[in-house]
Amino acid sequence: MSAHASKSSARFAKASERWTASDGTAIATELGLSAGCSVLDVGGGTGVLAHHVAAASGCRVAVLDHDPSAVAIADSRDGVSAVLGDASAMPFPDATFDAVLLIDSFHHVADQRSAVRETARVLRAGGLVLVAERDPAHFAAMLTYTYERVIGESVSPHTPQALAEMFHDAGIEGESRLGSGDSYRFLGVRTQRAPSNKRINPTARR
Ligand SMILES: C[S@@+](CC[C@H](N)C(=O)[O-])C[C@H]1O[C@@H](n2cnc3c(N)ncnc32)[C@H](O)[C@@H]1O
């Protein structure tokens with residue numbers, strides 16, 4: 001791992017310590033998760049939040065992350081199985097999950113269009129997506145994104161409306177709701193018209 005990647009790993013791991021059991025309960029309640037369901041946390045890092053969601057809901061929670069050191073830590077947590085891979089080419093069959101989480105990770109994904117289509121593909125029809133991001137229209141968020149770019153991280157943030165449109169294009173309908181400060185959450189449902197059984201062609205033009 002490069003020194004830069006290692007620095008980002010440590011930064012992300014530290015930030016993930018903010019998650020508590022009540023955050024897991026809030027997500028389980030918001031998504032109506034019940035025991036036995038299957039949840040994917042894309043860019044779930046070291047699996048702190050995934051663990052809390054698993055404990056609160058009784059669901060199986062998988063973490064997908066492209067950072068090997070984070071995946072190793074996440075995989076050691078109760079209720080969590082972690083897989084090394086990229087959000088733009090998820091190593092799961094179609095319609096595997098009841099819910100997909102992208103919490104503070106989507107703006108870091110380099111190939112976002114493919115990640116959105118992959119999210120639709122691995123979700124069952126009627127499955128839910130929860131994305132938590134910060135609105136780049138806010139000054140505080142822009143400062144954070146600028147810092148992240150300066151330290152070499154991939155950063156492509158979206159306004160709440162632009163993010164909802166991206167998911168709409170892939171067959172995920174929903175809306176973004178503003179939270180406190182510069183935060184917002186998109187909650188969407190995968191409709192029947194989402195593409196399935198199609199491998200992603202990274203060179204395809206929309
Ligand atoms: C800011 S951290 C958020 C971690 C966790 N979701 C949380 O809220 O604590 C962003 C995470 O996204 C992961 N990530 C970024 N791009 C990714 C990609 N293309 N595929 C998989 N994981 C990715 C990073 O490795 C990192 O663990």
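The values are calculated or read from the model by the stated rules, or taken from the named source; none is laboratory data. Predicted model only: the values in this text are computed from it and were never measured. Because the Cβ atoms are built from the backbone with ideal geometry, glycine has one as well, and the counts that use them run over all protein chains shown.
Could you check the stretch 149-172 and list, in sequence order, the residues that are part of a helix (DSSP H, G or I) and over 18 Å from the mean Cα position of the chain (by Cα)? Give the derivation first.
Of the residues in the stretch 149-172, the ones part of a helix (DSSP H, G or I) are 149-150, 160-169.
Residues satisfying the conditions are Arg149, Val150.
Filtering Val109, Val122 for residues that are under 16 Å from Gly43 (Cβ atoms) and either in contact with a helix residue (DSSP H, G or I) (Cβ under 6 Å, 6 or more places away or on another chain) or at pLDDT below 95 (or both) leaves a single hit, Val109.
Listed by first and then second residue, the pairs with beta-carbon distance under 7 Å, at least 6 apart or on different chains, first residue in the stretch 14-37 and buried (at least 16 other Cβ atoms within 10 Å of the Cβ), second among the acidic types (Asp, Glu), are Cys37/Asp98. Entry remark, the stretch 125-148: residues being more than 20 Å from Phe186 (Cα to Cα) and assigned to a loop (DSSP other than H, G, I, E, B) number 0 in total.
Residue under question is Ala82, and the condition is that it be of a type outside the set (D, E, K, R), surrounded by fewer than 16 Cβ atoms within 10 Å (Cβ to Cβ) and modelled with pLDDT of 95 or more; does it hold? Here the answer is no, as Ala82 does not meet what is asked. Among the residues of the stretch 86-116, the one identified as without any contact (Cβ under 8 Å) to a residue 40 or more places away in the chain and under 13 Å from the mean Cα position of the chain (by Cα) is Asp86.
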